[in-house]
Amino acid sequence: MPRNKQSGSALLTVLWLTAALSAIGLAVASNVRGETERAATNVDDAKAYFIARGAIERAALHMSWGPDYYRFGNPVMDLPFPHAVVRVEIVPETSKLSLNQTRPEELLRLLVALAVPEDRALEITEAIADWRRPVTPEHPSPFDAFYLAQSPSFLPRHSSFTENEEMLQVKGITPDLYFGASLDNSRAGLRDCLSAYAAGGTLDINTARAETMIAVGIDAADAAAIVKSRAEHPVVDYKQLADIQQSLGPAGTRLRFGGSTMYTLRATAQLRQPDGRLSDMHRTVAALVKLFPPGNNQGKPPGFEVVRWYDRT
């Protein structure tokens, strides 16, 4: 073979090898860049998560420290951090109806307000009432056969609900109906409207869902107007509350502001970028918190206790 042909073949081989190595190098670089970006996103997610958890504990401390740190009835708390800002939504359990004490007719109105078809709403209402009602041999439960047919089978305790999550076992209540739209609260679920920790029949005017207000007899248009108004100007004055109660008639007496000792704190953290701008990433964490004021009847030192954490999972 002539020398020039051998040289040409060698040059072509070198060019092909160079192109192949370049393609491999670009693919590796792209993969490394993608993995680096994903790792950075995961790091930011972890930072935001722990900042949100810290904000919940910080907000609970502010609430337990009294009016110098938290104004009673205020539904939000904005907390600055060195590398993030956090908004903590303060949702007292008084924003929800009592899962154990609410009358069946109010449960039915609530389910209908949550867009449950009336026939299904009637069955769920009776199932909730049956779950919390004691049974006797003379008056057995008509729902027990359904629970015994499940896998695994079980029988309801036929006593008060002790956890909100027990509702997921009640006949007719699906995860979609219970949870609504996850932590962003864009669509209410039963967990936003009923609570085993709620006592009495009054509702916090600043945080009760419109569906919950409808359940106690407030007109749907009035409930929507309250939700719209409080988004700009929360009710923190007793005179303003009294005026609203009077305008709503008898159902208005079911409204109050503030809570007692049980609160859901929902913190949304947003990181700051190196240039000071806020990141597009949001991380939300929530917790059910019990406050212990000075001189509480449980004999606990003043402070708070996290009863349960809620994450997006």
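The values are calculated or read from the model by the stated rules, or taken from the named source; none is laboratory data. Nothing here was measured: the structure is a model prediction, and the numbers come from that model. Neighbour counts are summed over all protein chains in view; Cβ atoms, including those assigned to glycine, are modelled from backbone coordinates with ideal geometry.
None of Ser247, Ser260 is hydroxyl-bearing (Ser, Thr, Tyr) and farther than 29 Å from Ser64 by Cα except Ser247. Being under 30 Å from Thr268 (Cα atoms), in contact (Cβ under 8 Å) with a residue 12 or more places away in the chain, of a type in the set (S, T, N, Q) and outside the structural domain of Arg308 (by TED's automatic domain parsing) is the requirement here; does Thr207 meet it? No, not satisfied. When the stretch 229-240 is filtered for residues that are among the basic types (Lys, Arg) and surrounded by fewer than 10 Cβ atoms within 10 Å (Cβ to Cβ), only Lys239 remains. One residue stands out among those in the stretch 217-253 that are out of contact with any strand residue (DSSP E or B) (no Cβ under 9 Å at 6 or more places or on another chain) and outside any helix (DSSP H, G or I): the one that is modelled with the lowest pLDDT, which is Val236. The residues of the stretch 173-200 that are more than 18 Å from Thr268 (Cα to Cα) and either modelled with pLDDT under 85 or not in a loop (DSSP other than H, G, I, E, B) (or both), listed by number, are Pro175, Asp176, Leu177, Tyr178, Phe179, Leu190, Arg191, Cys193, Leu194, Ser195, Ala199, Gly200.
Please work out if Thr94 is in a helix (DSSP H, G or I), under 30 Å from Ala267 (Cβ atoms) and touching a residue at least 12 places away in the same chain (Cβ under 8 Å). Full working, then the answer.
Numbers: in a helix (DSSP H, G or I): yes; under 30 Å from Ala267 (Cβ atoms): yes; touching a residue at least 12 places away in the same chain (Cβ under 8 Å): yes.
Taking the combined requirement at face value, the residue satisfies it.
May I ask you to say which residue of Leu168, Leu107, Leu122 is assigned to a helix (DSSP H, G or I) and closer than 30 Å to Gln240 by Cα? Spell out the reasoning first.
On the way: Leu168 fails: closer than 30 Å to Gln240 by Cα; Leu122 fails: closer than 30 Å to Gln240 by Cα.
Unique residue meeting the criteria: Leu107.
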